[in-house]
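Each reported figure results from applying straightforward, stated rules to the coordinates on display, with no laboratory input. Worth saying up front: this structure is predicted, and the values here are computed from it rather than measured. Cβ atoms come from the backbone with ideal geometry, glycine included; neighbour counts cover every protein chain shown.
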Amino acid sequence: MRKLPSYDYIIEAKGVKKEFGFKAVLKGIDLQLKEGDFLALFGPNGAGKTTFIQILCSLMLPSSGKVCIAGFDPRSDREALCEMIGFVSHHTFLYPNLSAFENLKFYGMMYNVPALDEKIEKLLELVGLADFPNDQVQTFSRGMQQRLSLARAIIHDPMVLFLDEPYTGLDQLGAEDLKQILVEFRDKGKTIVMISHNLDKGLELCNRVAILKSGRVVYHEEISETKIDDFKPIYFNYTGKRPLPSQVVP
Amino acid sequence: MTKRIFEITFEVVTFLLMLAALYAIFIYAPIEKTMGIVQKIFYLHVPAAFLAFFAFFITFLASIVYLYKKDQKWDVIAYCSAEIGVLFCTIVLITGPIWAKPVWNVWWTWDPRLTTTLILWFIYLAYLMLRGVVRENQRANLSAVFGIIGFANVPITFFAIRLWRTIHPVIITSEGINISKPMKYTLLLTFCAFFLFFLSLLKNRIKLERLKIKTEKVRAVYEEIFSS
Amino acid sequence: MIFFRKLWAIVWKDLLSELRTKEMILSMCLFSFLVLIIFSFALGAEVMNLKTIVPGILWVVFIFSGLMGLGRAFGAERDRGTLPGLLLCPLSPWGIYLAKMVGTFIFTAIMEIFTLSIFIILFNLNLLPFLLPLGLIFFLGTLGFSAIGTLFSAMSAATKSRDTILSILVFPITVPMLIAAVKATETILAGKTVTEVYSPLKILIAFDLIYLLIAYLTFTFIIEE
């Protein structure tokens, strides 16, 4: 078993900047999260939320600044870092002409998950897809695909879960399932960072809130027993935008 | 201030040397016995050939340093050198046939060096086209990798073409000239003149590219301020 | 060993995916068949089984059809949006490259075997006595082509006119491999001694090694953003 480095904060971003050509998308982000935190990240379109989370996932390198996840730096220990994190995006990262079982088998092999077949069975049951292991993913509805994507993201029991607008395209049932899984994940002591446009869903489970605007963190506080109505004016104040009405997206 | 003086001196020296080279080519150097006056294109062809490969060698080195240091200025050097290199490469490919036709009565000879230069030309073009179609955030990385791949290809291509020539034997060689002393000196002078000319072109092209980049930066900041 | 298991996972996934649709392999084989037919109409059927012309045509067909399959290596991943999923996995970029290269090699090899069979049937060639040395040359040539092709497939995956830039990048770089492979094939078919194959063989091996080395050193930079 590899000796893990010690760390104070499980997620640490210092002075993270990102430029695309001459356009600065992230202008210096500092963020620290302790193990077990659940951060809800809000912000208007174009604020840089997706870019930031992709940098945290090591899918992108920052133009400058430092990122540290569980003591690992994406520049030097990318593989170790990858084993620690899972990422759920509105892209499913699933192979459409492979079955649910085959998709999970592929990712399971890539993450070197032991006792893979049983793990896949358990996961499929967890996300409510146990009846469709051998159907090709392209036959699944959007909600089913998103649920399978979640299974893909947690197949290797990551310590940190990143979610980028995971509720997009989920029906009521799917949203309930996702919430259930997130609750279980959080209760196991794992760290979660979630981007959402939907204030309700975002605030339900989190213990910290941050707002990103124009590439900078303009608000980052611990929050307990949040009342959504308390937070709405804060959101409006910082972003000058009305938050999306809470809705269940079909 | 001293930098400016050095720059101006350099340009003046280059200019004078080119004039001297022109004089040497047309007046000083004798007319070759067998080939006639068209042989004088040799004084342009040979330095251009050297510079075509040298320029891509600079691209190769700059690409490696860029990947190591990730400093954009090396990407600028690689790009500008490739642009100027394609110019000299084109000169070689045009002067070659101009020389070959009156002397050997063929437009093109599959001489290994000339053919390798042709492949180099395609590699240059591929390099420039690649820069044209990729997105900005990947452009420097991908061009640098291709700069390395392209240059590594040159020696292998040369050996492969030498091998290929045994399939298509070529009777003509490019070494049919008797070189007398005045010709040697002229060649040396032209060589130096063109080398300085290359450096001058490179320096100015890099300066131009840096200005372009600065302008883009200013524009981006301007848009940022006035859009939010 | 875990490394090779992960490589196998990617190759398995690509093979499985292709087996489901068979789209790429069918188009590659059909294309090579068509090009062969066109060559025979253009050059005349008697010319086509001349030992001097067989190697050249064969390798040209291999490269043109191979180009069709190159885009698949990274193009499909990018189109289906699965490339980030692959990058999230704990595998070094070199591992991803190797796996994709093996996949490309397998598909190109299948196309080549098919093309060769058609060639033998259509033009009554007897290649059986040369099968082993020819196999070696085909292996080395296809390896070089896959090595270079996978590299450029990754580069061109993000661009607009993907197939055009892929062809422009691939052709000049594969010139030495093409020359060496054709020369070697011709030497073998002419029944010459083994020593005469050494020169082109050396070039092929050097080509493969150099580009695999460059891929090892630079692939990280191709996929990083």
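Based on the Cα atoms of chain B, what semi-axes does the equivalent ellipsoid have, where each is the square root of 5 times one gyration tensor eigenvalue, given in whole Å with the largest first?
In descending order, the three semi-axes are 37, 25, 13 Å.
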## Note on the structure
Under 5 Å from the placed amide H of A:Ile29, counting only residues 5+ away or on other chains, we find A:Gly15, A:Val16, A:Lys17
### Query
What ³J(HN,Hα) values, in whole Hz, does the Karplus curve 6.51 cos²θ - 1.76 cosθ + 1.60 give for segment A:37-43 when θ = phi - 60°, with x put for Gly and Pro?
6, 10, 9, 9, 10, 10, x
## Note on the structure
The size of the Cβ-based charge dipole (Lys, Arg +1; Asp, Glu -1) of segment B:2-227 about the Cα centre, to the nearest 20 debye, is 220
### Summary
Here the gain from full extension of C:Tyr216 to C:Phe64, 0.36 nm per residue of separation minus their alpha-carbon distance, amounts to 52.1 nm
### Message
Averaged over its residues, how many other protein chain Cβ atoms are within 10 Å of peptide B:148-158's Cβ atoms?
### Response
5
### Summary
Site C:Arg5, offset 7 angstrom along Cα→Cβ, radius 18 Å on amide nitrogen, limited to segment A:101-125, gives A:102-121
### HN-Hα J in Hz across segment A:99-111 - Karplus 6.51, -1.76, 1.60, θ = phi - 60°, x for Gly and Pro
7, 4, 4, 5, 4, 5, 5, 4, 5, x, 5, 5, 8
### Query
Considering every Cα-Cα pair within segment C:51-144, what fraction, in whole percent, is farther apart than 21 Å?
42
### R0 of 25 Å, Cβ-Cβ distance C:Ile53-C:Lys202: FRET efficiency to nearest 0.05
0.55
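Dipole of chain A, Cα-centred, from +1 at each Lys and Arg C-beta and -1 at each Asp and Glu C-beta, to the nearest 20 debye?
The calculation lands at about 1120 debye.
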### Summary
FRET efficiency for B:Phe57 and C:Asp79 from the Cβ-Cβ distance with R0 = 45 Å, rounded to 0.05, comes out at 0.75
#### Entry: Partners for B:Lys101 among lysines (Cα-Cα distance below 30 Å; same-chain residues under 8 apart left out)
B:Lys33, B:Lys40, B:Lys181, B:Lys184, C:Lys183
### Message
Compute, for the protein assembly as shown, the length of the dipole vector about the Cα centre, with Cβ point charges of +1 (Lys, Arg) and -1 (Asp, Glu) only. Units Debye, rounded to 20.
### Response
2420
### Query
Is there a simple number for the mean count of other chain Cβ atoms within 10 Å of the Cβ of residues in A:82-90, and what is it?
2
### Message
Treating only the Cα positions of the protein assembly as shown as identical point scatterers, give the base-10 log of I(q)/I(0) from the Debye formula at each q in 0.06, 0.10 Å⁻¹.
### Response
-0.46, -1.06
### Summary
Pseudo-spin-label distance B:Leu128 to A:Leu205, built 7 Å along Cα→Cβ, given in nm, is 5.5
### Query
Between the helical axis of B:72-104 and the dominant principal axis of chain B, each derived from Cα atoms, what acute angle in degrees is found, rounded to the nearest 10?
20
### Query
Convex hull volume of the Cα atoms in chain A, per residue, in Å³?
128
### Query
How many nm is it between the label spots at B:Lys70 and B:Glu224, if each spot is 7 Å from the Cα in line with the beta carbon?
1.9
### Most to least packed among A:105-114, B:203-212, B:142-151 [average Cβ atoms within 10 Å]
B:142-151, A:105-114, B:203-212
### Task
Treating the angle as unsigned and between 0 and 90°, give the value, to the nearest 10°, between the Cα long axis of helix C:54-79 and the longest Cα principal axis of chain C.
10
## Note on the structure
The answer for A:Phe87, listing residues at least 5 apart or on another chain whose modeled amide H is closer than 5 Å to its amide H, is A:Phe162
### Query
Among B:Lys101, B:Lys214, B:Lys184, which one shows the biggest mean-square fluctuation in a GNM of chain B, springs joining Cα atoms closer than 10 Å?
B:Lys214
### In nm, spacing of pseudo-spin labels at B:Thr215 and B:Ala20 (7 Å Cα→C-beta vector)
3.6
### Task
Over 22 Å between C-alpha atoms is what I'm after, so list which of B:Lys203/C:Lys160; A:Lys14/B:Lys73; A:Lys17/A:Lys232; A:Lys201/A:Lys232; A:Lys23/C:Lys100; A:Lys66/C:Lys6 land there.
B:Lys203/C:Lys160; A:Lys14/B:Lys73; A:Lys17/A:Lys232; A:Lys23/C:Lys100; A:Lys66/C:Lys6
### Summary
Projecting the Cα atoms of B:Thr59, A:Leu203, B:Val106 onto the charge dipole of the protein assembly as shown, where Lys and Arg contribute +1 and Asp and Glu -1 at Cβ, the residue farthest towards the positive end is B:Val106
#### Entry: GluC sites (Glu not before Pro) within segment B:1-50, DSSP loop, no more than 15 other Cβ atoms inside 10 Å
none
### Task
Determine one quarter of the surface area of the Cα convex hull of segment B:62-105, which equals its mean projected area, and express it in nm² to one decimal.
3.4
### Query
Assuming R0 = 51 Å, what is the FRET efficiency of A:Asn45 and B:Ile98, from their Cβ-Cβ distance, to the nearest 0.05?
0.30
### Message
On C-alpha positions alone, give me the angle between the axis of helix B:136-164 and the longest principal axis of chain B, in degrees, nearest 10.
### Response
20
### Message
Please list, ordered by chain and number, the residues whose modelled amide H lies under 5 Å from the amide H of A:Ile195; skip anything fewer than 5 residues away on the same chain.
### Response
A:Leu41, A:Leu163, A:Asp164, A:Glu165
### Task
Kindly write out, for segment B:27-39 in residue order, the coupling ³J(HN,Hα) from the Karplus curve 6.51 cos²θ - 1.76 cosθ + 1.60 (θ = phi - 60°), rounded to whole Hz, with x marking Gly and Pro.
10, 6, 6, x, 7, 5, 4, 7, 8, x, 5, 5, 4
### Task
Let me know the Kirkwood hydrodynamic radius for chain C, please, with Cα pairs as the basis and the value in Å to one decimal.
18.2
